[in-house]
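Notes follow the structure.
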Amino acid sequence: MSPIDEWRTKIDDVDKKLVELLNERARYADEIGKIKELLRMEAYSPEREQEVLRHVLSCNKGPLSDAALRRLFERIIDESRKLEREAMIERKKSSSQR
């Protein structure tokens with residue numbers, strides 16, 4: 001196996017872990033959406049999103065720039081917000097059908 005293939009294998013392993021972690025994060029967002037619906041809270045919380053970004057950037061040790069990490073997490077947060085809203089809609093539907 002060439003050195004490039006070895007590095008690609010390592011990247012593939014990291015990608016697999018990232019997918020697992022992103023799905024775990026998505027499950028948490030789904031649960032948060034259910035709780036927010038129960039509490040009649042809004043799905044969008046700009047304060048919380050800024051808090052997440054501050055936390056993520058404080059963990060950054062590189063080589064990704066803060067700007068790159070911010071762009072990545074803005075997309076992740078967008079997807080989390082979408083999952084929360086979908087969970088809220090589903091909970092609303094199931095509540096109204098009872």
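The values are calculated or read from the model by the stated rules, or taken from the named source; none is laboratory data. Keep in mind it's a predicted model, so treat the numbers as computed, not measured. Every residue, glycine as well, gets a Cβ built from its backbone with ideal geometry; the counts of neighbours run over all protein chains shown.
If I go through region 66-85 residue by residue, how many of them are surrounded by 11 or more Cβ atoms within 10 Å (Cβ to Cβ) and farther than 21 Å from residue 26 by Cβ?
Number of matching residues: 2.
Yes or no: region 27-43 includes at least one residue that is at pLDDT 95 or above, within 19 Å of residue 83 (Cβ to Cβ) and not β-branched (Val, Ile, Thr).
Checked against the condition, which is being at pLDDT 95 or above, within 19 Å of residue 83 (Cβ to Cβ) and not β-branched (Val, Ile, Thr), region 27-43 yields no hits at all.
Restricting attention to region 13-55, which residues are basic (Lys, Arg) and either in a helix (DSSP H, G or I) or surrounded by 10 or more Cβ atoms within 10 Å (Cβ to Cβ) (or both)?
Passing the criteria: 16, 17, 25, 27, 34, 36, 48, 54.
Going by what's in this entry, would residue 17 be described as out of contact with any His (no Cβ under 9 Å at 6 or more places or on another chain) and at pLDDT below 95? Don't jump to the end; show me each part of the working.
Details: out of contact with any His (no Cβ under 9 Å at 6 or more places or on another chain): yes; at pLDDT below 95: no.
Judged against the criteria, residue 17 is not a match.
So how many residues does region 63-79 have that are assigned to a helix (DSSP H, G or I) and out of contact with any Leu (no Cβ under 9 Å at 6 or more places or on another chain)?
Qualifying residue count, region 63-79: 5.
What pairs come up if the first residue lies in region 56-77 and is polar (S, T, N, Q), the second is outside any helix (DSSP H, G or I) and loosely packed, with under 12 Cβ neighbours inside 10 Å, and their beta carbons are under 9 Å apart, counting only those six or more places apart or on different chains?
Here the result reads none, with nothing in region 56-77 linked to a residue that is outside any helix (DSSP H, G or I) and loosely packed, with under 12 Cβ neighbours inside 10 Å.
Run down 94, 58 and say which single residue is surrounded by fewer than 16 Cβ atoms within 10 Å (Cβ to Cβ), among the hydroxyl-bearing types (Ser, Thr, Tyr) and at pLDDT below 85.
94
Give the residue, chosen from 10, 82, that is over 17 Å from the mean Cα position of the chain (by Cα) and part of a helix (DSSP H, G or I).
Criteria check complete, one pass: 10.
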